[in-house]
1. Scanning the stretch 232-245 for residues that are in contact with a helix residue (DSSP H, G or I) (Cβ under 7 Å, 6 or more places away or on another chain) and open to solvent by 30 Å² or more (accessible area, probe 1.4 Å), which turns out nearest to VAL94 (Cα to Cα)?
2. With (1) among the aromatic types (Phe, Trp, Tyr); (2) at pLDDT 90 or above; (3) under 26 Å from the mean Cα position of the chain (by Cα); (4) farther than 21 Å from LEU147 by Cβ as the list, and PHE256 as the residue in question, which single condition is left unmet?
3. Could you tell me whether GLN163 is modelled with pLDDT of 90 or more and closer than 30 Å to ALA297 by Cα?
4. Kindly evaluate ASP333 against the criterion of being under 30 Å from TYR93 (Cα atoms) and either modelled with pLDDT of 75 or more or touching a Lys or Arg at 6+ places or on another chain (Cβ under 8 Å) (or both).
5. Quick test for you: out of ARG139, ARG158, pick the one residue that is in contact with a helix residue (DSSP H, G or I) (Cβ under 7 Å, 6 or more places away or on another chain), over 22 Å from PHE225 (Cα atoms) and in contact (Cβ under 8 Å) with a residue 60 or more places away in the chain.
6. What pairs can you find where one residue is in the stretch 87-114 and modelled with pLDDT of 90 or more and open to solvent by 30 Å² or more (accessible area, probe 1.4 Å), the other is in a helix (DSSP H, G or I) and not aliphatic (A, V, I, L, M), and their Cβ atoms are less than 6 Å apart, with a gap of 6+ or different chains?
7. Looking only at the stretch 174-199, count every residue that is within 19 Å of TRP233 (Cα to Cα) and of a type in the set (D, E, K, R) and tell me the total.
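The values are calculated or read from the model by the stated rules, or taken from the named source; none is laboratory data. No experiment lies behind these values; they were computed from the predicted model shown. Cβ placement follows ideal geometry from the backbone for every residue including glycine, while neighbour counts extend to all protein chains displayed. Heavy atoms of the whole protein, side chains included, go into the accessibility calculation; ligands, DNA and RNA do not. Shrake-Rupley method; radii C 1.70, N 1.55, O 1.52, S 1.80 Å.
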Amino acid sequence: MSPIPSVHVGCDEMDKGAMSNNVGIGAMLLRWKCSVYKVVYREFLVFIVLFGIVSVVYRNGLDEDQKRAFHESQTFFDNYTKLISLPFLLGFYVTIVAGRWWQQYMTIPWPDKLMLTLQMYVPGKDERSRIIRRVLLRRALLMLTLLLRSISRAVRRRFPTLQDLVKNGIMTQTEKQCYESISPVVNLFWVPSTWFASTLNEAVRDGILADPAGNKLIMEEFLEFRANCGALWSYNWVSIPMVYTQVCTLATYSYFIACLMARQYTGPSSAVGAIDIYFPIGTVLELVFYVGLLKVAEQMKNPFGDDDEDFDLNFLLTRHLKTVHLGLDYLNDLVPPLKDDQPANNKDTRQQVRVPNTQITHPTRFKTVSSKI
């Protein structure tokens with residue numbers, strides 16, 4: 001048996017990503033990467049500059065008649081900001097986008113179930129059985145990789161050509177020639193699925209896969225894998241209607257354009273109040289909240305891009321390739337022997353059994369309440 005490769009055990013990159021949000025409130029508010037400050041700072045700077053220009057012009061460049069006209073304009077824009085139900089629009093929009101974002105992640109196919117099914121029904125340790133298992137899993141992952149190349153710029157940069165797939169062992173040179181010989185009328189990511197079915201039929205003919213129920217279960221798992229690939233392609237093809245995105249974007253930016261006039265200090269009788277504020281802290285917080293929600297929704301619409309919170313598909317592909325390689329080539333032969341995990345039925349031996357880490361050694365924090373009435 002080949003030597004087992006070095007595998008990092010413990011807190012891998014996926015665990016680090018999961019724990020990255022478990023930080024203190026101070027570190028969370030001061031973080032720049034993946035933060036709301038990173039997505040709204042351009043709008044913030046533009047708003048502050050324009051707000052300052054309008055304030056300086058009003059305070060130093062207008063006469064009394066012009067200031068009265070400014071007051072009337074301010075009342076109009078203040079009433080306009082009250083007409084726009086921005087929290088409702090953005091809340092409904094973000095809810096739809098976030099639900100779609102999570103559904104897209106849950107649709108990404110994982111090869112683990114297919115790998116375990118193949119190990120169950122193609123259990124031979126001879127070279128022919130090993131080749132059958134490897135080819136079947138590799139062609140399933142080849143289909144996924146071809147799909148992700150077509151919908152993700154990050155994966156496309158990693159595998160810019162089919163020859164790069166050959167170099168990384170995902171595709172063979174013969175498969176590359178067969179794939180390139182097909183006229184690309186449509187997206188051809190599904191072509192390896194036909195090779196999978198042919199290989200499975202070959203395993204049945206050779207007697208390697210003799211159980212009809214196993215053949216059925218393997219094909220069902222692969223069809224589920226193929227269906228998820230098709231669903232990902234559909235998500236990339238059919239996006240949220242542009243009209244809804246335009247409505248939310250126009251409503252958000254027109255609201256803050258109106259705030260440039262409506263939130264200016266024009267005296268104690270204005271809607272702002274009697275406090276002369278040079279920095280509109282309340283309006284700035286609104287900008288961070290509302291524009292931040294809009295920007296987050298825009299990033300979540302396409303989670304297969306290069307934004308900070310987009311899915312790391314390259315890591316996921318690497319994980320799948322390593323998992324399949326480890327599970328089929330090494331762990332298939334590295335199985336602990338079957339033995340009783342409890343000592344023999346001997347009183348003296350049972351007394352030496354270590355007490356498990358349960359309520360006996362660590363009592364509960366609260367007292368048990370009697371169930372008697």
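1. From the stretch 232-245, those in contact with a helix residue (DSSP H, G or I) (Cβ under 7 Å, 6 or more places away or on another chain) are 232-233, 235-236, 239-240, 244; that's our starting set.
Within this subset, residues satisfying the condition of being open to solvent by 30 Å² or more (accessible area, probe 1.4 Å) are 233, 235-236, 239, 244.
Values: TRP233: 22, TYR235: 17, ASN236: 18, SER239: 14, TYR244: 11 Å.
The residue in question is TYR244.
2. (3)
3. No, not satisfied.
4. Judged against the criteria, ASP333 is not a match.
5. Result: ARG158 is the single residue among ARG139, ARG158 that is in contact with a helix residue (DSSP H, G or I) (Cβ under 7 Å, 6 or more places away or on another chain), over 22 Å from PHE225 (Cα atoms) and in contact (Cβ under 8 Å) with a residue 60 or more places away in the chain.
6. That search, which allows pairs on different chains as well, returns LYS113/GLU221.
7. The qualifying residues number 0.
The rows are residues; the columns are (1) in contact with a Phe, Trp or Tyr (Cβ under 9 Å, 6 or more places away or on another chain); (2) at pLDDT 75 or above; (3) within 29 Å of MET143 (Cβ to Cβ); (4) of a type in the set (Asp, Glu).
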position: LEU313; (1), (2), (3), (4): yes, yes, yes, no
position: HIS325; (1), (2), (3), (4): no, yes, yes, no
position: THR349; (1), (2), (3), (4): no, no, no, no
position: GLN352; (1), (2), (3), (4): no, no, no, no
position: ASN357; (1), (2), (3), (4): no, no, no, no
position: THR364; (1), (2), (3), (4): no, no, no, no
